[in-house]
Amino acid sequence: MITDYSIQAVAINAIPLIFAIAIHEAAHGYAAHKFGDNTAYMLGRVSLNPAKHIDPVGTILIPLALLLTGSPFLVGYAKPVPVNFGRLRNPRIDSIWVALAGPGSNFFQALIWAIFLILLLGFGVNEKFFISMAQAGITWNLGLLVFNLFPLPPLDGGRILSSLLPARQSIALGRLEPWGFFIVLALVFTGIIGNLWMEPLMAFFKWVVYLFTMPLQRLF
């Protein structure tokens, strides 16, 4: 949990978080564009400009509420990138790749931050600001990765599950979408998602990042 509200602490967390959100959403739009849907591309949403992806409720109010109530996890969402799944060349399969693009970008960013951290420590750079920012970058990106993989629409995991289920079950799951995030938010506030989903999966992905960076770690 964040307890330090100094300008430096805000910068340490805000910089990697802004990149994490902007690249996550841009990745969805880029994948959709590659698979045949230009909706997000034409609307300028394939962009690293954070202003194009900020949602007042999901990006600001919900994380603030979680922070003020002492939640151990800060989660939220950005303005969803518009995707016309009917325009995808193979809607059922391509929609899985479009949904995976966002969490995949967060894993890649966590890996980049981990490499940055290893290089800092390996070359003896003891600047606390950069070390803390690299650590925050890993944590934020793995948090967004795991949270967005929760299998309930409108989260990415819900869209992936919907594409994998038979048509009847997929339609039934899709009916939950208008209420999906409120259900997830309730599970966050009660600690269920934190204990049963976020903690174990974040530990798993931290281990995966460790495996990927092990050769570089051994160089130092």
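The values are calculated or read from the model by the stated rules, or taken from the named source; none is laboratory data. Only a predicted model underlies this, so the values are computations on that prediction, with no experimental measurement involved. Every residue, glycine among them, receives a Cβ derived from its backbone with ideal geometry; neighbour counts consider all protein chains shown. Heavy atoms of the whole protein, side chains included, go into the accessibility calculation; ligands, DNA and RNA do not. Shrake-Rupley method; radii C 1.70, N 1.55, O 1.52, S 1.80 Å.
Using only protein heavy atoms and a 1.4 Å probe, report how much of W197 is accessible, in Å² to the nearest 10.
Surface open to solvent at W197 totals about 60 Å².
Order the following by accessible area, largest value first: V125, V146. Probe radius 1.4 Å; ligands, DNA and RNA are ignored. It would help to have the intermediate numbers written out before the result.
Values: V125 55, V146 0 Å².
Heavy-atom accessible area, descending, gives V125, V146.
How much net charge surrounds S162 when only other residues with a Cβ under 13 Å from its Cβ are counted (Lys, Arg +1; Asp, Glu -1)? Don't jump to the answer; show the numbers that get you there.
On the way: positive: R92, R159, R168, R175; negative: D156, E177.
Value of the local net charge: +2.
Sort the following peptides by mean Cβ neighbour count (other Cβ atoms within 10 Å, averaged over residues), highest first: 8-20, 86-98. Don't skip to the end; give the middle numbers.
On the way: 8-20: 17.7, 86-98: 16.2.
Ranked from most to least packed, the peptides come out as 8-20, 86-98.
Write down the Å³ per residue value for the convex hull defined by the alpha carbon atoms of the chain. Could the numbers behind the result be given before it?
Details: hull volume 28.7 nm³, N = 220.
Value for the chain: 130 Å³ per residue.
With a 1.4 Å probe and all protein chains in place, put F189, F205 in order of accessible area, largest first. Don't skip to the end; give the middle numbers.
On the way: F189 105, F205 40 Å².
Output order, biggest surface exposure first: F189, F205.
What is the distance in Å between the Cα centroid of segment 103-143 and that of segment 147-207?
26 Å
Using just the helices of the chain, give the 222 nm mean residue ellipticity in deg cm²/dmol: DSSP H runs with n ≥ 4 each add -39,500 (n - 2.57), and the total is spread over all residues, rounded to 500.
Values: 9 runs with 143 residues, N = 220.
Value at 222 nm, helices only, nearest 500: -21500 deg cm²/dmol.
Once you put a point 7 Å from the Cα of R87 and another 7 Å from the Cα of I192, both along the Cβ direction, what distance in nm separates them?
Spacing of the two 7 Å Cα→Cβ label points: 3.7 nm.
Could you tell me which of rounded, prolate or oblate describes segment 156-220, using a ≥ b ≥ c as the square roots of the eigenvalues of the alpha-carbon gyration tensor, with rounded for a/c under 1.5 and, failing that, prolate when a/b is larger than b/c and oblate otherwise?
Details: a/c = 4.36, a/b = 1.89, b/c = 2.31.
It comes out oblate by the Cα gyration axes.
Rounded to the nearest 20 Debye, what is the dipole magnitude of the chain about its Cα centre when Lys and Arg each give +1 and Asp and Glu each give -1 at the C-beta?
On the way: 13 positive and 9 negative charges, 105 e Å.
Here the size comes out at about 500 debye.
Starting from the Cα of N38, step 7 Å along the direction of its Cβ; do the same at D55; then give the gap between the two resulting points in nm.
Reported label-point gap for N38 and D55 is 2.7 nm.
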